[in-house]
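Colleague: Structure in structure tokens, see below.
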Amino acid sequence: MRALSSPILEQYHRGAVRFTLPIQVTSADIDELGHVSNQVYLRWVLEIAMAHSSHVGWNHAQYKELGGIFIVRRHELDYLAQVRLGDEVRAETWVPAWKLASCVRATEIFLGDRVVLRAQTTWAFMALATQRPIKIPDQLRALFS
């Protein structure tokens with residue numbers, strides 16, 4: 001498995017715990033060129049982030065109760081190879097970098113042992129009441145570190 005190309009993520013890549021989700025490619029995922037649409041890859045990046053959060057016990061209701069939620073500030077996606085109808089891919093995600101009110105989530109999607117997509121998403125933690133950035137609670141950092 002190759003390290004991520006971002007210097008920020010390379011620094012944290014080795015020690016991070018990954019969450020894995022299998023994905024079966026369906027006909028709805030295929031674009032007019034016969035491979036998975038770029039929009040679908042982005043959807044998968046978001047879906048695995050939500051699945052990871054739910055897996056550690058934080059779904060939308062828990063965030064709402066806490067009074068804060070993560071929102072996307074930035075996506076970077078590197079499309080490395082094509083995936084076609086009927087392929088089964090594996091998405092892996094982890095959170096390698098934290099700041100006071102934001103974090104970077106890394107995602108890789110594999111076809112077999114080959115990385116077909118690398119993504120980085122910067123998430124900001126926002127107060128629901130004010131829609132302003134707030135400090136990420138330590139309890140959340142601990143769950144994803």
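The values are calculated or read from the model by the stated rules, or taken from the named source; none is laboratory data. For clarity, every value in this text was computed on a predicted model and none was experimentally measured. Here the Cβ is made from the backbone with ideal geometry for all residues, glycine too, and neighbour counts use every protein chain on show.
Colleague: Of the residues in the range 73-121, how many are touching a Ser or Thr at 6+ places or on another chain (Cβ under 7 Å), more than 23 Å from Glu32 (Cβ to Cβ) and not in a strand (DSSP E or B)?
Modeller: Counting residues in the range 73-121 that are touching a Ser or Thr at 6+ places or on another chain (Cβ under 7 Å), more than 23 Å from Glu32 (Cβ to Cβ) and not in a strand (DSSP E or B) gives 0.
Colleague: If a residue has to be farther than 17 Å from Cys103 by Cα and either exposed (fewer than 12 other Cβ atoms within 10 Å of the Cβ) or under 13 Å from the mean Cα position of the chain (by Cα) (or both) to count, how many in the range 15-37 make the cut?
Modeller: Here the count works out to 11.
Colleague: Taking the range 122-145, which residues are β-branched (Val, Ile, Thr) and outside any strand (DSSP E or B)?
Modeller: Thr130, Ile134, Ile136 - these are the residues of the range 122-145 that are β-branched (Val, Ile, Thr) and outside any strand (DSSP E or B).
Colleague: Look at Val116 and say whether it is modelled with pLDDT of 95 or more, within 17 Å of Val40 (Cβ to Cβ), out of contact with any Cys (no Cβ under 9 Å at 6 or more places or on another chain) and surrounded by 15 or more Cβ atoms within 10 Å (Cβ to Cβ).
Modeller: Yes.
Colleague: Which of the numbered conditions does Tyr41 fail, given that it passes all the others? Conditions: (1) part of a helix (DSSP H, G or I); (2) touching a Phe, Trp or Tyr at 6+ places or on another chain (Cβ under 6 Å).
Modeller: All conditions are met except number (2).
Colleague: Moving on to the next point. I'm told Ser6 meets every condition in (1) modelled with pLDDT under 95; (2) touching a helix residue (DSSP H, G or I) at 6+ places or on another chain (Cβ under 9 Å); (3) surrounded by 12 or more Cβ atoms within 10 Å (Cβ to Cβ) except one. Can you identify the failing condition by its number?
Modeller: Condition not satisfied by Ser6: (2).
Colleague: Kindly check whether there is at least one residue in the range 86-105 that is over 26 Å from Thr130 (Cα atoms), without any contact (Cβ under 8 Å) to a residue 60 or more places away in the chain and either surrounded by 13 or more Cβ atoms within 10 Å (Cβ to Cβ) or of a type in the set (A, V, I, L, M) (or both). Outline the logic, then answer.
Modeller: Step one: list which residues in the range 86-105 are over 26 Å from Thr130 (Cα atoms), which gives 86-94, 96.
Right, trim to without any contact (Cβ under 8 Å) to a residue 60 or more places away in the chain and you get none.
Among the residues of the range 86-105, not one is over 26 Å from Thr130 (Cα atoms), without any contact (Cβ under 8 Å) to a residue 60 or more places away in the chain and either surrounded by 13 or more Cβ atoms within 10 Å (Cβ to Cβ) or of a type in the set (A, V, I, L, M) (or both), which makes the answer no.
Colleague: Follow-up. Scan the range 119-137 for residues that are surrounded by fewer than 21 Cβ atoms within 10 Å (Cβ to Cβ), of a type in the set (A, V, I, L, M, F, W, C) and closer than 21 Å to Tyr41 by Cβ and jot them down.
Modeller: Trp123
Colleague: In this structure, does Leu140 turn out to be farther than 18 Å from Trp58 by Cβ and crowded, with 18+ Cβ neighbours inside 10 Å?
Modeller: No, not satisfied.
Colleague: Go through the range 55-72 and count every residue that is crowded, with 16+ Cβ neighbours inside 10 Å and either outside any strand (DSSP E or B) or of a type in the set (Ser, Thr, Tyr) (or both).
Modeller: 2
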